[in-house]
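Some notes on the structure that comes next.
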Amino acid sequence: MQQKPIVIFDSGVGGLSIYQEIRQKLPFLSVVYCSDNEGFPYGPKPESDVVDRTTYCLTRLVAQYQPALAIIACNTASTISLPKARQLLDIPIVGVVPAIKPASQTSKKRCIGLLATPGTVERDYTDQLIQDFAGDCEVIRVGSSELVHLAEQHLRGEAINPDELKKIVEPLFNGNNWPDCIVLGCTHFPLVQELLDSVVPAPVTWIDSGEAIARRVADLMAEHHAHHEGPVEHCFLYTGSEESMTSLIPALKAMDFSEITGLDH
Ligand code: DGL
(Lines give C-alpha, C1' and ligand atoms only; values in the text may rest on other atoms or scores of the structure.)
Protein backbone atom coordinates (compact mmCIF):
# COMPACT_ATOMS: atom_id res chain seq x y z
CA MET A 1 0.00 0.00 0.00
CA GLN A 2 1.27 3.46 -0.90
CA GLN A 3 1.41 6.03 1.89
CA LYS A 4 -1.12 8.83 1.82
CA PRO A 5 0.41 12.26 1.14
CA ILE A 6 -0.21 15.35 3.21
CA VAL A 7 -1.49 18.56 1.63
CA ILE A 8 0.11 21.95 2.26
CA PHE A 9 -1.96 24.89 1.00
CA ASP A 10 -1.15 28.59 0.64
CA SER A 11 -2.00 31.54 -1.59
CA GLY A 12 1.52 31.40 -3.04
CA VAL A 13 5.00 30.23 -2.09
CA GLY A 14 4.76 31.14 1.63
CA GLY A 15 3.74 27.64 2.63
CA LEU A 16 7.13 26.46 1.39
CA SER A 17 8.56 27.72 4.70
CA ILE A 18 6.27 25.15 6.36
CA TYR A 19 7.15 22.52 3.73
CA GLN A 20 10.84 22.94 4.58
CA GLU A 21 10.20 22.34 8.30
CA ILE A 22 8.02 19.32 7.52
CA ARG A 23 10.67 17.78 5.28
CA GLN A 24 13.31 18.24 7.94
CA LYS A 25 11.26 16.63 10.69
CA LEU A 26 9.23 14.13 8.66
CA PRO A 27 11.34 13.22 5.60
CA PHE A 28 9.31 10.06 4.97
CA LEU A 29 6.13 12.03 4.12
CA SER A 30 5.05 12.79 0.56
CA VAL A 31 3.71 16.30 0.13
CA VAL A 32 1.13 17.70 -2.28
CA TYR A 33 1.71 21.46 -2.17
CA CYS A 34 -0.92 23.76 -3.59
CA SER A 35 -0.40 27.44 -4.38
CA ASP A 36 -3.62 29.30 -5.12
CA ASN A 37 -1.62 31.82 -7.10
CA GLU A 38 -4.65 32.77 -9.16
CA GLY A 39 -6.15 34.16 -5.93
CA PHE A 40 -2.87 35.65 -4.66
CA PRO A 41 -2.52 37.80 -2.59
CA TYR A 42 -4.99 36.91 0.18
CA GLY A 43 -3.84 39.65 2.58
CA PRO A 44 -5.96 42.52 1.21
CA LYS A 45 -8.97 40.35 0.15
CA PRO A 46 -12.40 40.41 1.85
CA GLU A 47 -12.64 37.60 4.41
CA SER A 48 -15.46 35.78 2.58
CA ASP A 49 -13.35 35.55 -0.62
CA VAL A 50 -10.44 34.03 1.30
CA VAL A 51 -12.71 31.49 3.02
CA ASP A 52 -14.34 30.55 -0.31
CA ARG A 53 -11.06 30.12 -2.19
CA THR A 54 -9.45 28.15 0.64
CA THR A 55 -12.33 25.74 1.12
CA TYR A 56 -12.82 25.32 -2.64
CA CYS A 57 -9.17 24.38 -3.21
CA LEU A 58 -8.99 22.11 -0.17
CA THR A 59 -12.16 20.27 -1.20
CA ARG A 60 -10.67 19.64 -4.66
CA LEU A 61 -7.35 18.52 -3.19
CA VAL A 62 -8.94 16.12 -0.70
CA ALA A 63 -11.14 14.57 -3.42
CA GLN A 64 -8.18 14.14 -5.75
CA TYR A 65 -5.40 13.00 -3.40
CA GLN A 66 -7.14 11.55 -0.30
CA PRO A 67 -4.45 13.04 1.95
CA ALA A 68 -3.84 11.93 5.54
CA LEU A 69 -4.22 15.57 6.62
CA ALA A 70 -4.08 19.11 5.26
CA ILE A 71 -2.22 22.17 6.50
CA ILE A 72 -3.59 25.62 5.76
CA ALA A 73 -0.07 27.07 5.60
CA CYS A 74 -1.34 30.62 5.50
CA ASN A 75 -2.06 32.78 8.54
CA THR A 76 -4.40 35.03 6.54
CA ALA A 77 -6.57 32.04 5.57
CA SER A 78 -6.26 30.02 8.80
CA THR A 79 -7.40 32.87 11.05
CA ILE A 80 -10.81 32.83 9.31
CA SER A 81 -11.24 29.55 7.36
CA LEU A 82 -10.51 26.83 9.90
CA PRO A 83 -14.07 26.29 11.23
CA LYS A 84 -15.57 25.97 7.73
CA ALA A 85 -12.73 23.78 6.42
CA ARG A 86 -13.06 21.45 9.41
CA GLN A 87 -16.81 21.30 8.98
CA LEU A 88 -16.54 20.40 5.27
CA LEU A 89 -13.65 17.95 5.34
CA ASP A 90 -13.32 14.67 7.06
CA ILE A 91 -9.55 14.75 7.71
CA PRO A 92 -7.45 16.62 10.30
CA ILE A 93 -6.90 20.24 9.22
CA VAL A 94 -3.91 21.98 10.77
CA GLY A 95 -3.95 25.78 10.78
CA VAL A 96 -1.01 28.17 10.90
CA VAL A 97 -1.59 31.21 13.12
CA PRO A 98 0.78 33.90 14.44
CA ALA A 99 3.20 32.52 17.06
CA ILE A 100 2.18 35.02 19.76
CA LYS A 101 2.44 32.49 22.60
CA PRO A 102 6.10 31.49 22.03
CA ALA A 103 6.98 35.15 21.48
CA SER A 104 5.43 36.06 24.82
CA GLN A 105 7.41 33.23 26.45
CA THR A 106 10.61 34.62 24.89
CA SER A 107 10.32 38.40 25.17
CA LYS A 108 12.29 39.80 28.09
CA LYS A 109 11.32 43.40 27.33
CA ARG A 110 7.61 42.43 27.19
CA CYS A 111 7.46 44.12 23.80
CA ILE A 112 6.68 42.05 20.71
CA GLY A 113 6.49 42.99 17.03
CA LEU A 114 3.91 41.30 14.80
CA LEU A 115 4.72 41.39 11.10
CA ALA A 116 1.88 39.87 9.06
CA THR A 117 -0.52 40.66 6.23
CA PRO A 118 -2.98 43.58 6.62
CA GLY A 119 -5.75 40.97 6.99
CA THR A 120 -4.04 39.00 9.75
CA VAL A 121 -3.06 41.98 11.92
CA GLU A 122 -6.70 43.10 12.02
CA ARG A 123 -8.37 39.75 12.65
CA ASP A 124 -10.42 39.06 15.80
CA TYR A 125 -8.46 35.79 15.97
CA THR A 126 -5.23 37.77 16.38
CA ASP A 127 -6.79 40.03 19.06
CA GLN A 128 -7.79 36.92 20.95
CA LEU A 129 -4.30 35.36 20.68
CA ILE A 130 -2.78 38.56 22.07
CA GLN A 131 -5.34 38.75 24.87
CA ASP A 132 -4.87 35.08 25.80
CA PHE A 133 -1.10 34.80 25.61
CA ALA A 134 0.51 38.24 25.63
CA GLY A 135 -1.80 40.32 27.80
CA ASP A 136 1.16 41.83 29.68
CA CYS A 137 3.13 42.70 26.50
CA GLU A 138 3.06 45.67 24.22
CA VAL A 139 2.36 44.22 20.78
CA ILE A 140 3.29 46.43 17.82
CA ARG A 141 1.43 45.28 14.71
CA VAL A 142 2.62 45.98 11.18
CA GLY A 143 0.60 44.73 8.20
CA SER A 144 2.45 44.53 4.89
CA SER A 145 1.36 43.13 1.55
CA GLU A 146 4.50 44.51 -0.02
CA LEU A 147 6.67 42.12 1.97
CA VAL A 148 4.59 39.21 0.67
CA HIS A 149 5.37 40.31 -2.90
CA LEU A 150 9.06 40.77 -2.07
CA ALA A 151 9.24 37.22 -0.65
CA GLU A 152 7.69 35.89 -3.88
CA GLN A 153 10.28 37.82 -5.89
CA HIS A 154 13.13 36.57 -3.70
CA LEU A 155 12.17 32.95 -4.38
CA ARG A 156 12.09 33.77 -8.08
CA GLY A 157 15.73 34.83 -7.85
CA GLU A 158 15.11 38.59 -8.05
CA ALA A 159 17.29 41.00 -6.07
CA ILE A 160 15.56 42.77 -3.17
CA ASN A 161 16.39 46.38 -2.36
CA PRO A 162 17.28 46.57 1.39
CA ASP A 163 15.79 50.09 1.56
CA GLU A 164 12.36 48.64 0.78
CA LEU A 165 12.74 46.18 3.64
CA LYS A 166 13.92 48.94 5.98
CA LYS A 167 10.78 50.96 5.25
CA ILE A 168 8.62 47.94 6.07
CA VAL A 169 10.21 47.18 9.47
CA GLU A 170 10.64 50.84 10.48
CA PRO A 171 7.22 51.23 12.22
CA LEU A 172 8.22 48.43 14.61
CA PHE A 173 10.96 50.67 15.97
CA ASN A 174 9.21 54.06 16.03
CA GLY A 175 8.24 54.12 19.70
CA ASN A 176 10.26 54.34 22.92
CA ASN A 177 9.98 50.62 23.54
CA TRP A 178 11.63 48.49 20.85
CA PRO A 179 10.57 44.83 20.46
CA ASP A 180 13.11 42.12 21.26
CA CYS A 181 10.98 39.45 19.51
CA ILE A 182 9.30 39.73 16.13
CA VAL A 183 6.61 37.27 15.11
CA LEU A 184 6.64 36.46 11.41
CA GLY A 185 2.86 36.02 11.18
CA CYS A 186 2.80 35.29 7.47
CA THR A 187 4.32 32.13 6.06
CA HIS A 188 5.99 34.11 3.28
CA PHE A 189 8.17 36.04 5.72
CA PRO A 190 10.52 33.29 7.00
CA LEU A 191 11.66 33.03 3.35
CA VAL A 192 13.24 36.50 3.75
CA GLN A 193 14.17 36.33 7.44
CA GLU A 194 17.90 36.72 6.81
CA LEU A 195 17.29 39.80 4.68
CA LEU A 196 15.04 41.29 7.36
CA ASP A 197 17.63 40.55 10.00
CA SER A 198 20.19 42.57 8.08
CA VAL A 199 18.05 45.75 8.18
CA VAL A 200 16.67 45.90 11.75
CA PRO A 201 18.30 48.57 13.96
CA ALA A 202 18.75 46.23 16.99
CA PRO A 203 19.13 42.48 17.52
CA VAL A 204 15.80 40.63 17.65
CA THR A 205 14.61 37.03 17.94
CA TRP A 206 12.51 36.07 14.91
CA ILE A 207 9.67 33.68 15.71
CA ASP A 208 7.53 31.77 13.24
CA SER A 209 5.16 28.82 13.47
CA GLY A 210 7.02 26.34 11.21
CA GLU A 211 8.62 24.12 13.82
CA ALA A 212 5.48 23.93 15.96
CA ILE A 213 3.45 22.93 12.90
CA ALA A 214 5.90 20.16 12.02
CA ARG A 215 5.62 18.88 15.62
CA ARG A 216 1.82 18.98 15.45
CA VAL A 217 1.82 17.06 12.18
CA ALA A 218 4.20 14.44 13.64
CA ASP A 219 1.81 13.96 16.60
CA LEU A 220 -1.23 13.66 14.35
CA MET A 221 0.50 11.16 12.06
CA ALA A 222 1.43 9.05 15.08
CA GLU A 223 -2.11 9.30 16.53
CA HIS A 224 -3.61 8.15 13.24
CA HIS A 225 -1.01 5.37 12.82
CA ALA A 226 -0.22 6.76 9.40
CA HIS A 227 1.62 4.46 7.04
CA HIS A 228 5.22 5.51 6.29
CA GLU A 229 6.44 3.13 3.65
CA GLY A 230 6.69 3.56 -0.10
CA PRO A 231 8.41 6.14 -2.28
CA VAL A 232 8.52 9.76 -1.14
CA GLU A 233 7.43 12.17 -3.87
CA HIS A 234 6.54 15.82 -3.72
CA CYS A 235 4.17 17.50 -6.12
CA PHE A 236 3.60 21.26 -6.58
CA LEU A 237 0.19 22.36 -7.86
CA TYR A 238 -0.90 25.86 -8.86
CA THR A 239 -4.20 27.50 -9.84
CA GLY A 240 -2.81 30.28 -12.08
CA SER A 241 -1.31 30.14 -15.54
CA GLU A 242 1.61 27.95 -16.55
CA GLU A 243 3.64 31.08 -17.40
CA SER A 244 3.25 32.33 -13.83
CA MET A 245 5.36 29.37 -12.76
CA THR A 246 8.31 29.71 -15.14
CA SER A 247 10.58 31.80 -12.92
CA LEU A 248 9.82 29.64 -9.89
CA ILE A 249 10.82 26.33 -11.40
CA PRO A 250 14.53 26.41 -10.39
CA ALA A 251 13.62 27.02 -6.70
CA LEU A 252 10.95 24.31 -6.79
CA LYS A 253 13.30 21.77 -8.38
CA ALA A 254 15.92 22.60 -5.72
CA MET A 255 13.26 21.78 -3.11
CA ASP A 256 12.73 18.33 -4.64
CA PHE A 257 9.35 18.77 -6.31
CA SER A 258 9.29 16.08 -8.97
CA GLU A 259 5.99 17.19 -10.49
CA ILE A 260 4.87 20.80 -11.08
CA THR A 261 1.42 21.05 -12.59
CA GLY A 262 -1.95 22.86 -12.53
CA LEU A 263 -4.65 21.92 -10.01
CA ASP A 264 -7.55 20.14 -11.76
CA HIS A 265 -10.59 22.32 -11.33
N1 DGL B 1 1.28 33.38 3.17
C2 DGL B 1 0.08 33.99 3.62
C3 DGL B 1 0.04 34.13 5.13
O4 DGL B 1 0.63 33.35 5.85
C5 DGL B 1 -0.50 35.20 2.95
C6 DGL B 1 0.07 35.86 1.77
C7 DGL B 1 -0.99 36.61 0.96
O8 DGL B 1 -1.28 37.77 1.24
O9 DGL B 1 -1.52 35.97 0.06
O10 DGL B 1 -0.62 34.98 5.65
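The values are calculated or read from the model by the stated rules, or taken from the named source; none is laboratory data. Just so it is clear, the model here is predicted, and its values are computed rather than measured. Every residue, glycine as well, gets a Cβ built from its backbone with ideal geometry; the counts of neighbours run over all protein chains shown.
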Residues GLY39, GLY95, GLY15: which one is within 11 Å of the ligand (Cβ to nearest atom), of a type outside the set (A, V, I, L, M) and farther than 26 Å from PRO250 by Cα? GLY95
Failed criterion for GLN2 (all others in (1) modelled with pLDDT under 95; (2) more than 15 Å from the ligand (Cβ to nearest atom); (3) under 21 Å from PRO190 (Cα atoms) hold): (3)
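Only one of these is touching a strand residue (DSSP E or B) at 6+ places or on another chain (Cβ under 9 Å) and either closer than 21 Å to SER145 by Cβ or within 13 Å of the ligand (Cβ to nearest atom) (or both): LEU89, LEU61, LEU114. Name it.
So the residue among LEU89, LEU61, LEU114 that is touching a strand residue (DSSP E or B) at 6+ places or on another chain (Cβ under 9 Å) and either closer than 21 Å to SER145 by Cβ or within 13 Å of the ligand (Cβ to nearest atom) (or both) is LEU114.
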Can you tell me which condition ILE80 does not meet? The list is (1) touching a residue at least 24 places away in the same chain (Cβ under 8 Å); (2) in a helix (DSSP H, G or I); (3) in contact with a helix residue (DSSP H, G or I) (Cβ under 9 Å, 6 or more places away or on another chain); (4) within 26 Å of ASP180 (Cα to Cα), and all the others hold. (4)
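Looking at this structure, is TRP178 surrounded by fewer than 21 Cβ atoms within 10 Å (Cβ to Cβ) and assigned to a loop (DSSP other than H, G, I, E, B)?
Judged against the criteria, TRP178 is a match.
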Which residue is farthest from VAL199 (Cα to Cα), if the candidates are limited to the range 155-167 and must be part of a helix (DSSP H, G or I) and touching a residue at least 12 places away in the same chain (Cβ under 8 Å)? LEU155
Give the number of residues within the range 18-36 that are over 16 Å from SER209 (Cα atoms) and within 13 Å of the ligand (Cβ to nearest atom). 4
Give all pairs with beta carbons closer than 9 Å in which a residue from the range 139-154 that is on the phi < 0 side of the Ramachandran plot meets a residue that is surrounded by fewer than 23 Cβ atoms within 10 Å (Cβ to Cβ) and in a strand (DSSP E or B); count only pairs at least 6 apart in sequence or on separate chains. VAL139/CYS111; ILE140/CYS111
Hey, can you tell me all the residues within the range 101-132 that are under 22 Å from GLY175 (Cβ atoms) and in a helix (DSSP H, G or I)? ALA103, SER104, THR106, PRO118, THR120, VAL121, GLU122, THR126, ASP127, LEU129, ILE130, GLN131
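Each row is one residue, and each column tells you yes or no for (1) within 19 Å of THR79 (Cβ to Cβ); (2) in a helix (DSSP H, G or I); (3) at pLDDT below 95.
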{"site": "ILE8", "(1), (2), (3)": "yes, no, no"}
{"site": "SER17", "(1), (2), (3)": "yes, yes, no"}
{"site": "GLN20", "(1), (2), (3)": "no, yes, no"}
{"site": "VAL32", "(1), (2), (3)": "no, no, no"}
{"site": "GLU38", "(1), (2), (3)": "no, no, no"}
{"site": "TYR42", "(1), (2), (3)": "yes, no, no"}
{"site": "ARG53", "(1), (2), (3)": "yes, yes, no"}
{"site": "THR59", "(1), (2), (3)": "no, yes, no"}
{"site": "GLN64", "(1), (2), (3)": "no, yes, no"}
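Would you tally the residues in the range 186-215 being of a type in the set (A, V, I, L, M) and in a loop (DSSP other than H, G, I, E, B)? Step through it out loud before you land on a result.
First, pick out the residues of the range 186-215 that are of a type in the set (A, V, I, L, M): 191-192, 195-196, 199-200, 202, 204, 207, 212-214.
Filter once more, so that each one left must be in a loop (DSSP other than H, G, I, E, B): 199-200, 202, 204.
Count: 4.
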